[in-house]
Every structure is written in C-alpha cells, then in structure tokens.
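Nothing in this text is a laboratory measurement; each read-out follows from the coordinates by a stated rule. Keep in mind that what you see is a predicted model, and the values were worked out from it rather than measured. Virtual Cβ from ideal backbone geometry, glycine too; neighbours counted across all protein chains shown.
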Amino acid sequence: VLIENCAELVTLRGAVPRRGRELAELEIIRDGALIVRGGMIAAVGTRKELRRHGFARGARRMDLGGRVVLPGFVDSHTHLVFAACRADEYEKKIAGASYEEIARAGGGIVSSVAKLRAASAKELRARALGFLRRFAEHGTTTLEAKSGYGLDTKSELMTLAVNRELAQSQPLEIVSTFLGAHVVPPEFRGEENGADEYVSLICKEMLPKIAAKKLADFCDVFCDRGAFTVAQARKVLETAQKLGMPSRLHAEQLAHTGATKLAVELGAASADHLEQIDDADIQALAGSNTVATLLPGCSLHLGGEHATHCAPARKLIEAGTIVALATDFNPGTSPTLSMSMILSLACSHLRMTPAEAIAAATINAAYSLQRADHIGSLEVGKSADLAAFDVADYREIPYYFGVNLCSMTMKRGKVIYSRY
Ligand SMILES: [Zn+2]
C-alpha cells in the first residue's frame, strides 16, 4: 500500500529515547508518504519521492486527503481489565471526600477488587474488548495493561490470562504487567504484619506461577502512602527481576516516599506519576535510563489540590530525563482512554509543547515498554502502526481539547478503525 497526501507525516525518526531538546524533534515530512509491505514500513519520504520508488509500482494507493499522520499512540500505563466503573465515587469526590478517605471507607481500589473477584474471565474480556475498540478509535495502537484488582493468586492469574487472550484475539498490541502489589487486600488488613505477609505471598506463590506461565512482561508496585513501603516494593521487584520480569513503579503520587530513587537503583523501565518528586529525584532520573511517565489525567479527574499539584514536567525535561505520557486508564482516578486529551493536559497543565507531548506519547513510551525497536516511530523496518487526524497542523491535536480528531488507525498495516 502506498499511503500518500499526508499534510504532515510526523515520523519521530532519530534519537531513542528522546531527552531534553531532542524531545521536541518530530522529524516531520510535509506532503509525506509511506509504503507498507507485509505489515511493515518499507519506505518513508515525500509523495514525489515515493511515487518513483520501486515498491510503488502496482501498490494500492491510500489517499489521506491532507491529514496529519502520527505513529500510533503507545499508552504505556493502563489498568485495562476491571469489572465495573466507579462513577458513584466520582460524585463523592466532587462533594469533598478525598481519594484516601474513600479508600479507607472500603471504596477505591478495594471496591474494584471485590467486583473483579466476583466476575468471570468472559465478562472481563468482553468489557475490555469494548474499551480496546475505543482505544483504536482514539489512535492508540499499543497499550500496557496491569493486573492489580484481583490481589489473590487465582484472580491475578485470571487477569493476566485475560490480557494474554486479548493480545491474541484483537489487533491492538498489549504489554502485560503484574501489579499484585497494588494495595494490601482486605483479608490481610487488620493484622500488624499483614502487608508483609501479603508481600510474601506475592514473592513465594504469585510471581513463580506467573513466570512459569510467562504471563507478564513487567512487574509493578504501587509504592506510596496507604499502599506499599519502599522495603516491600524492593522485595517484590527484586524477586520479579530474578524471574525475568523488569520493574515499573507507581511512585510519589500521594506522598514522597523514596520510590523514585528505588526505581533508579533497580534500573526500572519506568517510574510513573511523580507528582511529589524533589530536585534530587529529578537528578537521579536524569542520570538513568528509567523513564518518567507522567499521568496528567489523574490530576484532572481527582481535582481539588491534585489539579494544581502536577508533576514537574519542565524541570524533568530540562534536566534530561526521559519523559513519557500515558492515560493511566482506570476506573478510580483516570477513566479516559484518549491520548489526545492527555496531550492537551500535558500542554496546558504540565507546560509541555505539543511536539514534546507527541514524542512522549509515542517513541519515549515505546522505549519504556522496551519495544522501541519496532514501534513508536515511522521508520523503515518498523511495524506500520499509525493514526491519521483531521487537521493540517499537528499542534491542532492537543489544541482542540476533548475532541477526538482521529479518523483512521492502522496496526501492523491493517486499518483497524476508519471514519472515512
Ligand atoms: Zn496506575
């Protein structure tokens, strides 16, 4: 297929990962075109160049009508599989209850756990499939999906098995992450060392089973006030690393705990949230290959003081940290699957430029998932994953906030969504 008439073909070719000033380098080709063969990108250039290309002869032509084309979004932090929404809590939060108050009253993650344990794999799969269609409609072609609403061996393994079935049965690429250490499950609370006992269960039972069945690409821990301590996170993540699962961390969202420094020390692929980090954390991240994944959807949805206490994106970028953006799609704190909306929030709230936000949502996010060798940019030899938007200038994508301008999504060379 010869795809042509792209007003701007935003290729993102070049440095991997992008740090500092490089983050704004989009490598745009005006009046761009690309040739797709066997699901892969075979050529990239201007329309003029590619019409003369050897592969163009006999190729089917796809005219994108002067739209902007990006690499498909890589959403590197989601909680895809859950059993029910929590719109009731949303209303309580608006009335003034805090996220942590709701959690202490049996709401929050614990309410999602009760519902997931009562659900069947079939129900969870059907619900997630509906969301995956919507991810595709919004231009996302790869997403990471965490477990963490099961919190017992059976339900955690079931969630990861659902991830695997989804990866095999629909077009989006799914990266599976085990987040058994999301919160301490209700049956381990009330005892003084309940959290440590649960950590032992994760290390002695859950992780070896998950490793044996190869059900997870990464292991994550929610290391924060009200969840797990740095020492507990270290135990889980070191055990997982020995079993071949690299680390990710929910770090410094609610309180400053030292989770970011742990992420750097363990060589984690990513440290996510980071609203409460300090200058020493920023320096530590900047000197590492750990990606700082920012989740501005959370700050918006939680509102109140969360809305004004955002992660210091500018400082992170200027220090040379690898910055990525993700939705944190989940039923409690960020129920959005729109990466365009995340770009808008990154620009308006985190003061990232549209170019920086796009690189953070594609190539750097792909790097954090250790898949930048085949996704995240439009370059010869990579998977033909792309999204077309009904605009003539890439800056309009975050500018029209809350509007889905994606009109075509392609994964591995196949159109998986089209509004034409
Ligand atoms: Zn999360």
Label His53 and Ser120 with points 7 Å out from Cα along Cα→Cβ: what is the distance between them in nm?
4.8
What whole-number value in cubic angstrom gives the convex hull volume per residue for the C-alpha atoms of segment 1-151?
187
Under the rule of -39500 (n - 2.57) per DSSP H run of 4 or more residues, summed and divided by the residues of the chain, what mean residue ellipticity at 222 nm is obtained, to the nearest 500 deg cm²/dmol?
-10000 deg cm²/dmol
Against the longest principal axis of the chain, how steep is helix 339-348, in degrees 0 to 90 to the nearest 10, with axes from Cα atoms?
80
Please list, in chain and number order, the residues 5+ apart from Val81 or on another chain whose amide H is under 5 Å from its amide H, with Hs placed from the backbone.
Lys146
Please work out whether segment 348-420 counts as rounded, prolate or oblate from its C-alpha gyration tensor, where a ≥ b ≥ c are the square roots of the eigenvalues and a/c under 1.5 means rounded, while otherwise a/b larger than b/c means prolate and anything else oblate?
oblate
Within a Gaussian network of the chain (alpha carbon springs, distance under 10 Å), most fluctuating of Leu300, Leu285, Leu369
Leu300
Trypsin sites (Lys or Arg not before Pro) in segment 1-106 lying in a DSSP loop, each with at most 11 other Cβ atoms within 10 Å of its Cβ, come to Arg52, Arg57, Arg60
Using alpha-carbon positions, what is the distance between the centroids of segment 46-113 and segment 136-155, in Å?
12
Give me the angle, in degrees from 0 to 90, between the Cα long axis of helix 230-242 and the longest principal axis of the Cα atoms of the chain, rounded to the nearest 10.
60
Just want the ordering: Asp385, Asp196, Asp63, from fewest to most Cβ atoms lying within 10 Å of their own Cβ.
Asp63, Asp196, Asp385
Within 10 Å of each residue's Cβ, count the other Cβ atoms and sort Ser383, Ser270 from fewest upward.
Ser383, Ser270
Rounded to the angstrom and largest first, Cα extents along the principal axes for the chain equal 72, 44, 43
Partners for Lys92 among aspartates and glutamates (Cα-Cα distance below 13 Å; same-chain residues under 8 apart left out)
Glu100, Glu101
Step through the residues of segment 155-168 one at a time and calculate ³J(HN,Hα) from phi using the Karplus curve (6.51 cos²θ - 1.76 cosθ + 1.60, θ = phi - 60°), rounding each to whole Hz and writing x for Gly and Pro.
6, 5, 5, 4, 4, 5, 5, 5, 3, 5, 4, 5, 4, 8
Using a ≥ b ≥ c from the Cα gyration tensor of segment 109-168 (square roots of the eigenvalues), is it rounded, prolate or oblate, where a/c under 1.5 gives rounded and otherwise the larger of a/b and b/c decides, a/b for prolate?
prolate
Where does each of Ser338, Ser288, Ser200 land when they are ranked from fewest to most other beta-carbon atoms within 10 angstrom?
Ser200, Ser288, Ser338
Which of Lys204/Lys315; Lys261/Lys382; Lys93/Lys122; Lys213/Lys235 have a Cα-Cα distance over 29 Å?
Lys204/Lys315; Lys261/Lys382; Lys93/Lys122
Taking the Cα-to-Cβ direction at Ala255 and at Cys85 and moving 7 Å from each Cα, how far apart do the two end points lie in nm?
3.3
Amide H within-cut-off set for Gly108, under 5 Å, with H built and near neighbours excluded:
none
Nearest 20 debye, what's the magnitude of the dipole of segment 100-249 about its Cα centre given +1 on Lys and Arg Cβ and -1 on Asp and Glu Cβ?
460
Going 7 Å from the Cα of Arg351 toward and past its Cβ, which residues in segment 265-279 have a backbone nitrogen under 14 Å from where you end up?
none
Residue by residue through segment 378-394, what is 3J(HN,Hα) from phi via Karplus (6.51 cos²θ - 1.76 cosθ + 1.60, θ = phi - 60°)? Round to whole Hz and write x for glycine and proline.
9, 9, 4, x, 8, 4, 7, 10, 8, 9, 9, 10, 7, 9, 10, 9, 4
Calculate the all-directions average of the projected area of segment 275-336's alpha-carbon convex hull, and give it in nm².
4.1
Restricting to DSSP loop positions (anything but H, G, I, E, B) with no more than 13 other Cβ atoms inside 10 Å of their own Cβ, which trypsin sites (Lys or Arg not before Pro) remain in segment 310-352?
Arg351
